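Student: Dropping a structure here in structure tokens format, bear with me for questions.
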Number of protein chains: 2
Amino acid sequence: MTDTQMILTPIGRIRTPYKTLEDCPKGPGRAGQEARIELDPAFAPGLKGLTATEVDVLYWFDRAPRDVLQSVRPHDGVHCGVFAMRSPHRPNPIALSRVRVRAVEETALVVDGLDCLDGTILVDLKPVPGAMLQK
Amino acid sequence: MTDTQMILTPIGRIRTPYKTLEDCPKGPGRAGQEARIELDPAFAPGLKGLTATEVDVLYWFDRAPRDVLQSVRPHDGVHCGVFAMRSPHRPNPIALSRVRVRAVEETALVVDGLDCLDGTILVDLKPVPGAMLQK
């Protein structure tokens with residue numbers, strides 16, 4: 001239907017306390033500490049009017065293998081397909097976490113803990129439907 | 001932190017009743033009819049063991065402009081940034097819908113309505129945490 005290449009543009013970086021993969025909690029629910037999402041200045045105007053109390057954060061697992069289609073699901077040890085788990089090992093290594101917004105700054109968001117390495121590339125931010133503050 | 005290009009791989013297509021952009025409902029909540037998510041055969045093994053009752057579907061809006069950073073938010077007419085709305089017009093035109101699973105087939109999923117054109121490129125599927133059927 002299209003021949004356009006599907007190339008993503010980095011729009012910012014995520015700042016967490018985790019400097020190695022071993023440091024990272026497994027899943028955002030286990031990440032207690034807050035994370036800071038820093039937009040590249042060129043993309044910061046996209047934050048205007050953000051009043052959502054929750055956002056979907058899309059980020060890029062650049063170190064994840066992309067040729068894995070099945071493996072062992074960590075939480076229950078079942079061998080299953082990558083679309084039956086949220087592991088970073090998948091054909092398109094986009095991570096997705098729904099997190100609570102703690103503060104909105106001019107070029108950054110402070111959110112509940114994210115499970116990724118410090119410096120992880122930000123791909124997108126979307127407000128969660130229904131989780132909007134009233135103006 | 002990395003020089004790797006962030007190139008996505010199409011993993012399947014979404015089948016909906018909508019043949020033109022005008023036909024598409026605005027937002028998945030308004031799409032009453034079911035959609036069919038067809039995996040490319042090479043990626044179908046990734047569905048093994050999928051028992052989630054809800055999935056996050058990531059797809060690609062190949063016709064959306066990518067240079068828009070602010071516009072008018074459809075539901076309330078407020079001029080705001082693209083990260084304050086879920087419009088397809090954004091630097092990385094990945095759409096994300098959380099939908100209920102109606103059936104899992106060998107190479108396809110049937111889900112509640114999606115708001116996209118018939119033939120839309122599938123990027124990823126992730127089970128929603130906590131929305132798992134017991135084995």
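Student: Between their Cα atoms, which of B:19/B:126; A:48/A:126; A:26/B:126 are more than 18 Å away from each other?
Tutor: Pairs exceeding the cut-off: B:19/B:126.
Student: How far is residue A:107 from itself in the other copies, in nm, if each label sits 7 Å out from Cα along the Cα-Cβ line, shortest first?
Tutor: Inter-copy label distances (nm, one decimal, shortest first): 4.8.
Student: Check residue A:6: other-chain or 5+ apart residues with amide H under 5 Å from its amide H, H built from backbone geometry?
Tutor: B:8
Student: Label residue A:68 and residue B:9 with points 7 Å out from Cα along Cα→Cβ: what is the distance between them in nm?
Tutor: 1.4 nm
Student: Need one number: nm distance between label points at residue A:76 and residue B:51, each 7 Å from Cα along Cα→Cβ, rounded to one decimal.
Tutor: Here the answer is 0.4 nm between the modelled labels.
Student: Another question about this same structure. Taking the protein assembly as shown, how much of its Cα-Cα pair set, in percent, is spaced more than 31 angstrom apart?
Tutor: On the way: 7765 of 36315 pairs.
Beyond 31 Å sits 21 percent of the P(r) for the protein assembly as shown.
Student: Here's another thing I want to ask about it. Modelling each spin label as a point 7 Å along the Cα-to-Cβ direction, I'd like the residue A:23/residue B:42 distance in nm, to one decimal.
Tutor: Modelled inter-label distance: 3.7 nm.
Student: How much accessible area is lost when chains A and B come together, counting both sides, with a 1.4 Å probe, in Å² rounded to the nearest 100?
Tutor: For A against B, buried area totals roughly 5100 Å².
Student: Just to verify a number: what accessible area does residue A:87 come out at with the full protein assembly present, 1.4 Å probe, Å² rounded to tens?
Tutor: Answer for residue A:87: close to 20 Å² accessible.
Student: When only the heavy atoms of the protein chains count and the probe is 1.4 Å, how do B:21, A:58 rank by accessible area, highest first? Show your work: numbers first, answer last.
Tutor: Working: B:21 90, A:58 0 Å².
Ranking B:21, A:58 by accessible area, largest first, yields B:21, A:58.
Student: On the principal axes of its Cα set, how long, how wide and how thick is chain A? Give whole Å, largest value first.
Tutor: 47, 42, 31
Student: Moving on. List every residue whose amide H lies under 5 Å from the amide H of residue A:78, counting only residues 5 or more places away in sequence or on a different chain, with H placed 1.01 Å from N in the peptide plane.
Tutor: Excluding prolines and chain starts, which carry no amide H, the hits are A:73.
Student: To confirm my reading of the symmetry, which residue of chain B has the Cβ nearest the axis that brings B onto A, and what whole-Å distance does it have?
Tutor: B:7, 3
Student: Need one value for A:100-112: mean number of C-beta atoms belonging to other chains within 10 Å of its residues' C-beta atoms.
Tutor: 0
Student: Using a 7 Å offset from Cα along the direction of the beta-carbon, what are the separations from residue B:5 to the same position in each other copy, nm, ascending?
Tutor: The answer, with the shortest distance listed first, is 0.2 nm.
Student: So, one more: Once the label point is set 7 Å along the Cα-to-beta-carbon vector, what list of distances in nm do you get between residue B:64 and its counterparts in the other copies?
Tutor: Values, ascending and in nm: 1.9.
The values are calculated or read from the model by the stated rules, or taken from the named source; none is laboratory data. Please read all numbers here as calculations on a predicted model, not as lab measurements. Virtual Cβ from ideal backbone geometry, glycine too; neighbours counted across all protein chains shown. Just the protein is used for accessible areas: all its heavy atoms, side chains included, with ligands, DNA and RNA removed. Shrake-Rupley method; radii C 1.70, N 1.55, O 1.52, S 1.80 Å.
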